[in-house]
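Have a look at the structure below before the remarks.
The values are calculated or read from the model by the stated rules, or taken from the named source; none is laboratory data. Values in this document were obtained by computation on a predicted structure and should not be read as measured data. Here the Cβ positions follow ideal geometry from the backbone for every residue, glycine too, while neighbour counts run over all protein chains shown.
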Amino acid sequence: MEYTIIRVYRVPGLSQVEATDRFVEARELGVERDYLVRDYVRGPQGERKGMSVRSAASWWTLVRRQLLGR
């Protein structure tokens, strides 16, 4: 069996370049999950399931958001 998984991120920015740079920085820091909105999983027969994968933010993530103003 084979599944297709699509991850959807929402990243703020004044331009596509700025949003891309911000997302690359988040990936390098290992916090891209902060921008994750939804996962879509498609099964072998094409059925789709939308799944929200947002978990509670860690204390470190909350501190970082407050310090960086995000």
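Counting only strands (runs of 3 or more DSSP E) that sit wholly inside the chain, those with at least 2 residues that are of a type outside the set (Val, Ile, Thr) and modelled with pLDDT under 80 are 48-51.
Residue pairs whose Cβ atoms lie under 6 Å apart, sitting 6 or more positions apart in sequence or on different chains, and linking a residue in segment 28-39 that is under 19 Å from Gly69 (Cα atoms) to a partner that is in a strand (DSSP E or B), are Tyr35/Tyr9; Leu36/Tyr9.
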